[in-house]
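K.L.:
Here you go, one structure.
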Amino acid sequence: MSHGAGLVRTTCSSGSAFGPGAGAGQRGASPSEGPLDPAYPRTHGALLKVAQMVTLLIAFICVRSSPWTGYSAYRYFEVVTICNLIMILAFYLVHLFRLYRTLTCISWPLSVFGFMATFLCLASVWLSYKISCVTQSTDAAV
């Protein structure tokens, strides 16, 4: 049974006026109301970005304040956490200030894969940390 071809509209297009938070209680709002999107901080994506930033900041502070910070694995972890924090903050600011409308050279729906890459990067950091600590503690025992 065919229902025929229809028009499909998405809210995640990088070239349209619609974007994250479009239509969220702003029926008569025009896209050029201002540079700041007041509805974005209450969306699930924004809350997840804030949670990621807070978690990364806590991880950085915990490692930084550790008494055993002489290992290179700690330095590597610090660099990765700060770089991820800056990247997620940049994504947050792009969506908060609606810069995705002017930066049409980037496919913003594909930026979700950046978060998956962040997760894989953190898993890699954790595994390298475990391997280097086990290796260093084994070498110290011999």
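K.L.:
Looking at (1) of a type in the set (Lys, Arg); (2) modelled with pLDDT of 85 or more; (3) farther than 22 Å from residue 86 by Cα, can you tell me which one residue 64 breaks?
P.N.:
Among (1) of a type in the set (Lys, Arg); (2) modelled with pLDDT of 85 or more; (3) farther than 22 Å from residue 86 by Cα, the lone unmet condition for residue 64 is (3).
K.L.:
On to the next question. Of all residues in the range 49-94, which are under 10 Å from the mean Cα position of the chain (by Cα) and free of Cβ contacts under 8 Å to residues at least 12 places away in the same chain?
P.N.:
Here is the first cut: in the range 49-94, the ones under 10 Å from the mean Cα position of the chain (by Cα) are 49-53, 84-92.
Listed by number, the residues that qualify are 51, 86, 90.
K.L.:
Let me ask something else about it. Filter the range 92-111 for residues that are open to solvent by 40 Å² or more (accessible area, probe 1.4 Å), at pLDDT below 80 and in contact with a helix residue (DSSP H, G or I) (Cβ under 9 Å, 6 or more places away or on another chain) and give the result.
P.N.:
106 - this is the single residue of the range 92-111 that is open to solvent by 40 Å² or more (accessible area, probe 1.4 Å), at pLDDT below 80 and in contact with a helix residue (DSSP H, G or I) (Cβ under 9 Å, 6 or more places away or on another chain).
K.L.:
So which residues in the range 61-86 are within 17 Å of residue 131 (Cα to Cα), polar (S, T, N, Q) and open to solvent by less than 80 Å² (accessible area, probe 1.4 Å), if there are any at all?
P.N.:
Result: 69, single match.
K.L.:
Right, here's the next one. Could we say that residue 89 is at pLDDT 90 or above and surrounded by fewer than 17 Cβ atoms within 10 Å (Cβ to Cβ) here?
P.N.:
yes
The values are calculated or read from the model by the stated rules, or taken from the named source; none is laboratory data. Here the structure is a predicted model, which means the values were calculated and not measured. Heads up, the Cβs are rebuilt from the backbone with ideal geometry, glycines too, and the neighbour counts pull from every protein chain shown. Protein only, heavy atoms only, side chains kept; ligands, DNA and RNA dropped before computing areas. Shrake-Rupley method; radii C 1.70, N 1.55, O 1.52, S 1.80 Å.
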